[in-house]
Amino acid sequence: MHRELFTADHDAFRDTVRQFIGKEIVPNLTDWESAGRVPRELFTKTAEIGINGLQIPEAYGGGGITSFLFNAIVIEETGYAAASFGGLQVHLNTVMPYFFEYANDEQKDRWFPGFVDGSLISSIAMTEPGTGSDLAGIATTAVRDGDDWILNGAKTFITGGINADLIVVVARTARVAENRRDGLSLFVVEADMDGFTRGRNLDKLGLKAQDTAELLFDNVRVPARNLLGREGNAFSMLTHNLPQERLTVAVAAHATAAAALTLATDYVKDRKVFGQRVADFQNTKFVLAECATELEASQALIDRALVALDTGTLNVADAAKVKLFCTEMQSRVIDRCLQLHGGYGYMREYPISRLYVDARVSRIFGGTSEVMKTIISRSLGL
Ligand SMILES: Cc1cc2nc3c(=O)[nH]c(=O)nc-3n(C[C@H](O)[C@H](O)[C@H](O)COP(=O)(O)OP(=O)(O)OC[C@H]3O[C@@H](n4cnc5c(N)ncnc54)[C@H](O)[C@@H]3O)c2cc1C
């Protein structure tokens, strides 16, 4: 169905991004998957075509765009091409909103020009070996010492953690007996700070070109000027940005499922079995018809959510519904599209196999499907 969201400016930007992915990413993807990361220089190239600075105010050299639609286009085109920008999507769509919302003027002056030209890329470090879904249970601490904070702890599963120059770290700065969500704060750790080390680039099932790291903080002396937002207030800051983070995962999930449908539709028209095309079996037609219908429903949900995000009305429960529906749909659709490829679908040289392994994590990161259901049921008064 026709999408009503986009103008000629969006379409022109989409063309630019599509060409960039075709020229700079697709031919290199297999090498980057073997390396476990995209090269750091990729982010200066994306900066040159304006991706990095889209939402940064013009005063710092950025595009000054408040709408999320241009970001959504980058996510969509990446998914349609079964490609990867490494940790860039997390930097742009999950971490940058904290800087936009909570950085003071001095911090903006220090970091925003680097974000625009691609010399600075950030990650967000919430998850720890001992806790993920239960964020209030984190063990990383920061203790005030004069003009600094002393940070200690370990984080894991951090997207972009190998390539990042700045890491936004969630740490406990106080224990508040009545409310364990109080007393968490956000610190910006710079990669060259003493005591900060990167652990393993983790060997994942999928998303092979995206670095996912362990990060270690051993008495890291973080100057107080690197505190982001109000001390003790991190939980509500993190909650504030959840709708955009979850919509990002949903948009990627939809786009990769759409790519799977295209791949399968093309494949079944070529492949002959028992003297006829796989496309000629009624089962094939019905399976692909179901996939197309699921995709249409998911697209409608996403487009409503994109409008709601831009108008500031996308709440946490609605974003959870969108993430839950689109990521569960993604797994169903990609699985069926792989099945139609037969054994070739299981071979890594066929992009459907990459879509399959990459999809599995969508139901886990950014909050698991079970956590989404918890949030949605709470909104029902349960
Ligand atoms: C590839 C990848 C990239 C990631 N990137 C980042 C990143 O950049 N930054 C970052 O901070 N984190 C990141 N994460 C971590 C991710 O957000 C967590 O893995 C996720 O939140 C789940 O936490 P957990 O792994 O500790 O699972 P757990 O919280 O231990 O969950 C285990 C199981 O228990 C279930 N469960 C938990 N709570 C409930 C409940 N209340 N009711 C019912 N069931 C429940 C879960 O759904 C799950 O099935 C990433 C993870 C992966 C795999």
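Taking N as the number of residues in the stretch 8-119, what value does Rg over Cα atoms divided by 2.2 N^0.38 Å take?
In units of the 2.2 N^0.38 Å rule of thumb, it is 1.06.
Identify the trypsin sites (Lys or Arg not before Pro) of the stretch 310-351 meeting these criteria: DSSP loop state and at most 12 other C-beta atoms within 10 Å of the C-beta. Mind dumping the intermediate values first?
Details: sites: 321, 323, 332, 336, 348; in loops: 348.
Passing both the DSSP loop test and the Cβ count: 348.
Step through the residues of the stretch 48-57 one at a time and calculate ³J(HN,Hα) from phi using the Karplus curve (6.51 cos²θ - 1.76 cosθ + 1.60, θ = phi - 60°), rounding each to whole Hz and writing x for Gly and Pro.
Rounded to whole hertz, the list is 5, 9, x, 5, 5, x, 2, 9, 7, x.
Just check the chain against the gyration tensor rule for me: Cα atoms, a ≥ b ≥ c as the square roots of the eigenvalues, rounded for a/c under 1.5, and otherwise prolate or oblate depending on whether a/b exceeds b/c. Could the numbers behind the result be given before it?
Values: a/c = 1.77, a/b = 1.66, b/c = 1.07.
Prolate.
What spacing in nm lies between the two simple spin-label points modelled at residue 202 and residue 19, each 7 Å away from Cα in the Cβ direction?
Those two pseudo-labels are separated by 3.8 nm.
In the stretch 275-352, which GluC sites (Glu not before Pro) are in a loop and have at most 13 other Cβ atoms within 10 Å, using DSSP for the loop call? Numbers along the way, then the final one.
Values: sites: 290, 294, 296, 328, 349; in loops: 349.
Within the stretch 275-352, the qualifying GluC sites (Glu not before Pro) (loop, at most 13 other Cβ atoms within 10 Å) are 349.
Note down the nm distance, to one decimal, between modelled labels 7 Å out along Cα→Cβ at residue 378 and at residue 272.
With each label placed 7 Å out from Cα toward Cβ, I get 5.9 nm.
Hey, any idea what % of the stretch 8-119's accessible area is carbon plus sulfur with a 1.4 Å probe? Walk me through the intermediate numbers first.
Values: 2240 of 4460 Å².
Exposed carbon and sulfur together represent 50 percent of the surface.
5 Å is the cut-off here: which amide hydrogens, built 1.01 Å from N in the peptide plane, fall below it relative to residue 229, excluding neighbours closer than 5 in sequence?
So residue 229 has HN proximity to 104.
Once the piece of chain linking residue 360 and residue 9 is laid out straight, how much longer is it, given 0.36 nm per residue of separation minus the C-alpha distance between them?
Working: separation 351, 0.36 × 351 = 126.36 nm, distance 3.35 nm.
That works out to 123.0 nm of additional length.
Could you work out what % of the accessible surface of the stretch 241-379 is carbon and sulfur, using a 1.4 angstrom probe and leaving DNA, RNA and ligands out of the count? Each step should come with its number before you reach the end.
On the way: 3770 of 6590 Å².
With neighbouring chains kept in place, the figure for the stretch 241-379 is 57 percent.
Could you give me the ³J(HN,Hα) list for the stretch 289-301, computed from phi with Karplus coefficients 6.51, -1.76, 1.60 and θ = phi - 60°, whole Hz, x at Gly and Pro?
5, 5, 4, 4, 5, 4, 5, 4, 5, 5, 5, 4, 5
Enumerate the calculated ³J(HN,Hα) couplings along the stretch 319-333 in order (Karplus 6.51 cos²θ - 1.76 cosθ + 1.60, θ = phi - 60°), each rounded to whole Hz, writing x wherever the residue is Gly or Pro.
4, 5, 4, 5, 5, 4, 5, 5, 6, 5, 4, 4, 5, 4, 5
Could you order 32, 111 by accessible surface area, starting with the largest, using a probe radius of 1.4 Å? Don't skip to the answer; put the middle values down first.
Values: 32 30, 111 10 Å².
Per-residue accessible area, sorted high to low, gives 32, 111.
Compute the separation of the alpha-carbon centres of the stretch 178-214 and the stretch 98-156 and state it in Å as a whole number.
Cα centroid of the stretch 178-214 versus Cα centroid of the stretch 98-156: 9 Å apart.
For a Förster distance of 22 Å, can you work out the FRET efficiency between the beta-carbons of residue 134 and residue 315, rounded to the nearest 0.05? List each step's numbers first, then the result.
Values: r = 22 Å, r/R0 = 0.99.
It comes to 0.50.
What 222 nm value per residue comes from the helices of the chain, counting each DSSP H run with n ≥ 4 as -39,500 (n - 2.57) and dividing by all residues, nearest 500 deg cm²/dmol? Show your work: numbers first, answer last.
On the way: 12 runs with 168 residues, N = 382.
Estimated from H runs of four or more residues: -14000 deg cm²/dmol.
First check a/c for the stretch 123-232, with a ≥ b ≥ c the square roots of the eigenvalues of its C-alpha gyration tensor; if it is under 1.5, answer rounded, and if not, answer prolate when a/b is larger than b/c or oblate otherwise.
Values: a/c = 2.24, a/b = 1.38, b/c = 1.63.
Because a/c hits 1.5 or more and a/b fails to exceed b/c, the stretch 123-232 counts as oblate.
Could you look at the stretch 123-232 and say what percent of its accessible area is carbon and sulfur, using a 1.4 Å probe and all protein chains? List each step's numbers first, then the result.
Values: 2280 of 4830 Å².
With neighbouring chains kept in place, the figure for the stretch 123-232 is 47 percent.
Which semi-axes, in whole Å and largest first, does the equivalent ellipsoid of the stretch 42-108 have when worked out from the alpha carbon gyration tensor as the square roots of 5 times its eigenvalues? Please report the intermediate quantities before stating the final value.
On the way: eigenvalues 94, 29, 26 Å².
Taking √(5λ) for each Cα gyration eigenvalue gives 22, 12, 11 Å.
Under a Cβ-Cβ cut-off of 12 Å, what is the net charge of the residues other than residue 292 that fall near it, where Lys and Arg count +1 and Asp and Glu count -1? Kindly include the intermediate steps, with their values, before the conclusion.
On the way: positive: 285, 336; negative: 290, 294, 296.
Value of the local net charge: -1.
Roll a 1.4 Å probe over the protein chains and send me the accessible area per residue for the chain in Å². The partial results should precede the final answer.
Numbers: 17260 Å² over 382 residues.
Per residue, the chain has 45 Å² of solvent-accessible surface.
The values are calculated or read from the model by the stated rules, or taken from the named source; none is laboratory data. Only a predicted model underlies this, so the values are computations on that prediction, with no experimental measurement involved. Ideal geometry is used to build each Cβ from the backbone, glycine not excepted, and the neighbour counts take in all protein chains shown. Heavy atoms of the whole protein, side chains included, go into the accessibility calculation; ligands, DNA and RNA do not. Shrake-Rupley method; radii C 1.70, N 1.55, O 1.52, S 1.80 Å.
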